[in-house]
Each structure stands twice: as C-alpha cells, then as structure tokens.
Amino acid sequence: NITKDPLRLLRASNALVLPTRSNIRLMGCSDDVTHSWAVPALGIKMDCVPGRLFFFYTNIIREGIYFGQCSELCGWNHYNMPIVLYALPIEHFITWWEIELHALFSKKIINKYTSKTTHYKLINYKYK
C-alpha cells in the first residue's frame, strides 16, 4: 500500500557511504545513457556521459542520511532511480571501511574458467 511506506521511492539497493570533514573526489561515468546524478541537500549534481570520465570535489560538513535521484529522464525507469548517501564521522567511516574490506576479502571466489576456488585474505593494516 502506498500510504504505508511514504519513503518507498527513496530507498536504494546500495548506498554510498562517505566520510565527513574530509576532501572527497567523486568520479562518474556511464555505460549506457547520460545519467544526471544529484543529491540536492549537498549541492551535488553530476552528469555522467557514456565514454567520458567526470570528477566532482566535495567536503561534507554534517553527518546524516542524504537522498537524491537521477534528475533527468534519460532512460527507461529513470524516474525511480534513488540515491542514498550516508555521511559518517571519519572514525565511524574507517570502522565501516574495515568491516566492508574484511567481508569482501573473506569470500571464496570461484574462477568460472578453471573452477578453482581462491580464498582471499586481507592483510591487517592499522590506521594512524
């Protein structure tokens, strides 16, 4: 029911997690059509064109959850292309990053050509 979930058009399958109070460079490109990636609360709008690489620099001041969307009708179902951005303090971002890296490198990868299983391990690295 539409009235039971008013945020249904803002939910995304994957979220972008960025640290606050640090200089960030976002890179964007497209594979199929022009995308117009926008998070209005942060003043971010980036057009991604096929075959081109675009850069955008930002510095997020406040922690929080920010929502955006593809701001132009550039393809089928682009009216419902939500963007969710989590802005975390740098200490929480580093903790999140370590958890994500350990989850990524603890997976067993099966090579589809040789059917061999490879187990990747992450080298312990301490942030200073």
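None of the figures in this text is laboratory data; all of them are computed from the coordinates on show. The model shown is predicted, which means the values in this text are computed figures rather than measured ones. Neighbour counts are summed over all protein chains in view; Cβ atoms, including those assigned to glycine, are modelled from backbone coordinates with ideal geometry.
Things to note:
- Shape category assigned to the stretch 1-76 from the gyration tensor of Cα positions, a/c cut at 1.5: oblate
- Prolate/oblate/rounded label for the stretch 1-40 (Cα gyration tensor, a/c 1.5): oblate
- Nearest-20 debye value, the stretch 3-81 charge dipole, Cβ charges on Lys, Arg, Asp, Glu: 280
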